[in-house]
Amino acid sequence: MKTNAVITIGRQFGSGGREVGIKLAAKLGIPYYDKALLRRAAKESGLQESIFQTFDEKPKNLFYLFSAEPGAMHMGELPYDVMLEEQVFTAAGEVIKKCAQEGPCVIIGRCADYILRKNPALLSLFIYAPLEERAERIVTMKGVNLETAKNMIHKEDRHRASYYNYYTSKKWGDIRSYHFCIDSSQLGIDGTVTLIEQIVTMRDQMVQNEDR
């Protein structure tokens, strides 16, 4: 199937969003970008890849910014870790833009929907699922007990929300922040992939009709 869509996927931890992205990209025959973004951003920015791993969707020192009055702190006055986070976000954002310019693809997380908000080919998705469903998935994948799985979910979701909400003008997981929000527990991973594939097909057809 041919498509011109640049598909971004935000996801709750344990919802299967990453697996959906991998399978969707394979079905559509387009590139899939996740951790590869970090490696490319590290190479192009000159920063160590370990730095990108450290701050990947996990802002650690942004409380300095929230505690300051607007305009009270300039970049040169920010704590070193905060400045480094900003550099990492900027470098990753440049790579995300380049990937989208190179053609249709699937990009996981990292505020890609916001970074590409002016790209007419953008199709932004958010994958979620009930807590119990996600916890059971983590139990199976990670071999932890149910309580530990739920703690992991709450922690990871807080990190992703903090990262997204700070760097964008939108709210992580809010239906108004994305084109489509899909509960992966309703159709399962493969069913969710099929549904998104159908959405992509219909959207491409609409675009083609508008261009005629």
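Which residues, taken from the stretch 101-144, are free of Cβ contacts under 8 Å to residues at least 40 places away in the same chain and either buried (at least 20 other Cβ atoms within 10 Å of the Cβ) or more than 24 Å from residue 38 (Cβ to Cβ) (or both)?
115, 120, 131, 132, 136, 139, 140, 143, 144
Within the stretch 1-38, can you find the residues that are closer than 30 Å to residue 135 by Cβ, touching a strand residue (DSSP E or B) at 6+ places or on another chain (Cβ under 8 Å) and not in a helix (DSSP H, G or I)?
Passing the criteria: 7, 8, 9, 10, 11, 12, 15, 16, 32, 33, 34.
Matching residues to (1) in contact with a Ser or Thr (Cβ under 9 Å, 6 or more places away or on another chain); (2) hydrophobic (A, V, I, L, M, F, W, C); (3) at pLDDT 80 or above:
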| residue | (1), (2), (3) |
| --- | --- |
| 14 | no, no, yes |
| 25 | no, yes, yes |
| 33 | no, no, yes |
| 42 | yes, yes, yes |
| 47 | no, yes, yes |
| 66 | no, yes, no |
| 82 | no, yes, no |
| 87 | yes, no, yes |
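It is to be established whether one or more residues within the stretch 119-133 are over 30 Å from residue 86 (Cβ atoms), in a helix (DSSP H, G or I) and of a type outside the set (A, V, I, L, M, F, W, C). Before the answer, list the steps.
Of all residues in the stretch 119-133, those over 30 Å from residue 86 (Cβ atoms) come to 129-133.
Right, trim to in a helix (DSSP H, G or I) and you get 131-133.
Next, from what is left, pick out any that are of a type outside the set (A, V, I, L, M, F, W, C): 132-133.
Yes, the stretch 119-133 contains at least one residue that is over 30 Å from residue 86 (Cβ atoms), in a helix (DSSP H, G or I) and of a type outside the set (A, V, I, L, M, F, W, C).
Tell me which of these residue 211 doesn't satisfy, since it passes every other one: (1) among the acidic types (Asp, Glu); (2) in contact with a Ser or Thr (Cβ under 6 Å, 6 or more places away or on another chain); (3) at pLDDT below 95.
(2)
Could you grab the pairs with beta carbons closer than 7 Å, sequence gap of 6+ or different chains, first residue in the stretch 157-177 and farther than 20 Å from residue 86 by Cα, second one in a helix (DSSP H, G or I)?
What qualifies is 173/161.
Considering only residues that are of a type in the set (Gly, Ala, Ser) and surrounded by fewer than 20 Cβ atoms within 10 Å (Cβ to Cβ), which ones fall in the stretch 9-38? Break it down stepwise before answering.
From the stretch 9-38, those of a type in the set (Gly, Ala, Ser) are 10, 14-17, 21, 25-26, 29, 36; that's our starting set.
Those that are of a type in the set (Gly, Ala, Ser) and surrounded by fewer than 20 Cβ atoms within 10 Å (Cβ to Cβ): 26, 29, 36.
Matching residues to (1) among the aliphatic types (A, V, I, L, M); (2) over 18 Å from residue 183 (Cβ atoms):
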position	(1), (2)
115	yes, yes
120	no, yes
131	yes, no
134	no, no
146	yes, yes
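If you take the residues in the stretch 39-48 that are without any contact (Cβ under 8 Å) to a residue 40 or more places away in the chain and part of a loop (DSSP other than H, G, I, E, B), which one is surrounded by the fewest Cβ atoms within 10 Å (Cβ to Cβ)?
46
Which of the residues that make up the stretch 162-194 are surrounded by fewer than 16 Cβ atoms within 10 Å (Cβ to Cβ) and either touching a helix residue (DSSP H, G or I) at 6+ places or on another chain (Cβ under 7 Å) or assigned to a helix (DSSP H, G or I) (or both)?
166, 168, 171, 175, 176, 180, 186, 187, 188, 190, 191, 194
The values are calculated or read from the model by the stated rules, or taken from the named source; none is laboratory data. Being a predicted model, the structure only gives us computed values, none of them experimental. We place every Cβ from the backbone using ideal geometry, glycine too, and count neighbours over all the protein chains shown.
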